[in-house]
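What follows is a set of notes on a single structure, which appears directly below.
The values are calculated or read from the model by the stated rules, or taken from the named source; none is laboratory data. Since we're looking at a predicted model, the values are computed, not measured. Because the Cβ atoms are built from the backbone with ideal geometry, glycine has one as well, and the counts that use them run over all protein chains shown.
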Amino acid sequence: MSENRPDWKVRWLANEENLKRLTPSEAREYGQRGGKASGEVRRKKADFRKTLNALLTAEIDSPEWSPLLESLGLDSTLESAVNAAMIKKALSGNVRAYEAIRDTIGQTTKSEQDLEEQRVRTEVLKAKSVDPEGEEIADDGFLEALNGSAAEDWADEAD
């Protein structure tokens, strides 16, 4: 192997002799370990969400926020106070607070024309990935590779 060629590492790494084959029992054991670890992480995330939800829905007795929230007809909870504080920051000119509010309520900075263009592009891509019998065509990357090759050829001609 010549180390002067840029692809020598790829050829060495992809060598079949370098691959370690797992026995079915090893594969099963690793799969079980991964499944258990994944379940533990999911449980921790669920517990975190439950705790956060419980804290946010807890009532507060704040001389600053309670009267304001109650006058607006809202529950005096940490969640309401946090939202009100974020709005207060946005009102004072904090752009990041405004962006967080905008994103949370689902507003977008895209125009209707941008959204329509995105919908059309998505439909075209879906249509390209289905053959005349209605079966999905697997994308093998050929067209993208061809486009890259053509771009290189055209760049060579321009030089």
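Observations on the structure shown:
- Scanning the stretch 85-106 for residues that are exposed (fewer than 13 other Cβ atoms within 10 Å of the Cβ) and among the small types (G, A, S), we see that the one that is nearest to L69 (Cα to Cα) is S92.
- When restricted to residues that are farther than 24 Å from S62 by Cβ and outside any helix (DSSP H, G or I), the stretch 94-122 contains 6.
- Per the conditions (1) in contact with a Leu (Cβ under 8 Å, 6 or more places away or on another chain); (2) modelled with pLDDT under 90, the sole criterion not satisfied by L56 is (2).
- Complete set of residues in the stretch 89-111 that are of a type in the set (G, A, S) and modelled with pLDDT of 90 or more: A90, S92, G93, A97, A100
- Of the candidates L74, L69, the single residue that is on the phi < 0 side of the Ramachandran plot, of a type outside the set (F, W, Y), surrounded by 13 or more Cβ atoms within 10 Å (Cβ to Cβ) and part of a helix (DSSP H, G or I) is L69.
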